[in-house]
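Nothing in this text is a laboratory measurement; each read-out follows from the coordinates by a stated rule. Fair warning: this is a prediction, and the values are worked out from it, not measured in the lab. Counting neighbours? That spans all protein chains shown, and the Cβs are built from the backbone with ideal geometry, glycine included.
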Amino acid sequence: MSSIKIAFIINPHSGTNKKVNLPNMIESNIDKNKFETTICFTEYAGHGNVLAKQFAAEGYDAVVACGGDGTVNEVASALTETDTALAVIPSGSGNGLARHLHIPLNAQGALELINKFPVSPLDYGTVNGKKFFCTCGSGFDAQVSADFAKQGTRGLLTYLKVILKDYWNYQPQTYIIDDGKEKHEEKAFVVTFANASQYGNDGFIAPLASAQDGLLDVCVLLPFHWYSIPKIAYQLLTRKLHHNSHLKIYKAKDVLLRRESAGPFHYDGDPTEFGEEIKVSIVHGALKVVADEETKTV
């Protein structure tokens, strides 16, 4: 039986922990009777995508993104519509896709899963031509994403500081959400398009979302008073936000979002700038991923 060809792409700068020992951990824990391994490091932004395309073209069976959600996005974007599966050793700040797929957050546990090599189909989304695998959106979370990217440090504490600072200055705007069948006009604090259930750090914006159902969960968080923050934060972290009266969720395959003005937008936590019209779509089952069959834990 021929070996499974697998490449590990390590982002040395993602998250808050160093990756100097990861190659040795990979070599010590990967099943050498099953896998033929290649290990490389990214050298610049976007390099993970270049490397993953190369490995897919060379017929590798899997490429492992070793980093955070940005690294996962780079690698996964190169593997859609190919026979090369995505695997993840999560080592970022949020690890949204890994958490959604119940991939262990420690390297040894993730490698044990890779050794079993269960492969499942996964949906992915597109927003104005860019691919995303967890969430994308407009509103407060996009503003936070833009401001977080400017910080000198990473991690949850920095993220929370940015959230608190931005909250007092943020002004919600009115959106039109057009799925081709219905139009919804909402003044919203956040409009999130979810393929997976969470942003990262177990912040479940779309608790009922499945990354295998061929649908987006369009989550509209309506404006709220400051005294609602503790309840919303608690429900966000306990998969119960869908019970909050401030959250509306629509299911759709394709959406045209219209907003009052151009500005920040995020996809998989990475900030960008988009105009007033934004097209979001889901592509069903077009990415192979090394993970156990997706399970609901709601």
message: Could you tell me what a quarter of the Cα convex hull surface of the stretch 149-189 works out to, in nm² with one decimal place?
response: 4.3 nm²
field: ALA286 paired with GLU36, simple spin-label distance in nm, labels 7 Å along Cα-to-beta-carbon
entry: 3.0 nm
message: Need one number: nm distance between label points at ALA262 and ASP202, each 7 Å from Cα along Cα→Cβ, rounded to one decimal.
response: 4.1 nm
field: For the stretch 24-65 versus the stretch 142-218, the gap between their alpha-carbon centres in whole angstrom
entry: 31 Å
Mean shadow area of the chain, taken as a quarter of the surface of its Cα convex hull (nm²): 14.7 nm²
- prompt: In which sequence would VAL50, VAL190, VAL162 go, from the one with the fewest C-beta neighbours within 10 Å to the one with the most?
  reply: VAL50, VAL162, VAL190
- prompt: So for THR158, THR192, fewest C-beta neighbours within 10 Å to most, what's the order?
  reply: THR158, THR192
- prompt: Could you list log10 I(q)/I(0) for the stretch 130-284 at q = 0.08, 0.12, 0.15, 0.17 Å⁻¹, which the Debye formula gives when each Cα is one point scatterer?
  reply: -0.20, -0.46, -0.74, -0.99
- prompt: Local charge sum around CYS136 (other residues, Cβ-Cβ under 10 Å, Lys/Arg +1, Asp/Glu -1)?
  reply: -1
- prompt: Summing -39500 (n - 2.57) over the DSSP H runs of n ≥ 4 in the chain and dividing by its residue number, what mean residue ellipticity at 222 nm do you reach, to the nearest 500 deg cm²/dmol?
  reply: -7000 deg cm²/dmol
- request: Report, please, the projected area of the stretch 4-117 averaged over directions, based on the convex hull of its C-alpha atoms, in nm².
  value: 6.2 nm²
query: Helix 156-167 versus the longest principal axis of the chain: what is the Cα-based angle in degrees, 0 to 90, to the nearest 10?
result: 20 degrees
message: Using the Kirkwood radius over C-alpha pairs as Rh, can you work out the diffusion coefficient of the stretch 54-95 via Stokes-Einstein at 10 °C, viscosity 1.306 mPa s, in µm² per second?
response: 155 µm²/s
Contour excess over end-to-end distance, with Cα ends at THR272 and SER2 and 0.36 nm allotted per residue: 92.9 nm
- line: Quick calc: nm separation of the 7 Å Cα→Cβ label points for LEU222 and LYS240 -> 2.0 nm
- prompt: What is the gain in length, in nm to one decimal, between LYS116 and LEU160 on full extension, counting 0.36 nm per residue of separation less the C-alpha to C-alpha distance?
  reply: 12.2 nm
task: Mind sorting SER77, SER228, SER120 by how few other Cβ atoms lie within 10 Å of their own Cβ, fewest first?
output: SER228, SER120, SER77
message: Only four residue types carry charge here, +1 at the Cβ of Lys and Arg and -1 at the Cβ of Asp and Glu. Report the dipole size of the chain about the Cα centre in Debye, rounded to the nearest 20.
response: 640 debye
Degrees between helix 47-57 axis and first principal axis of the chain (Cα, 0 to 90, nearest 10): 60 degrees
message: Looking at the chain as a GNM with Cα springs under 10 Å, which of ASN128, ASN201, ASN49 has the largest mean-square fluctuation?
response: ASN128
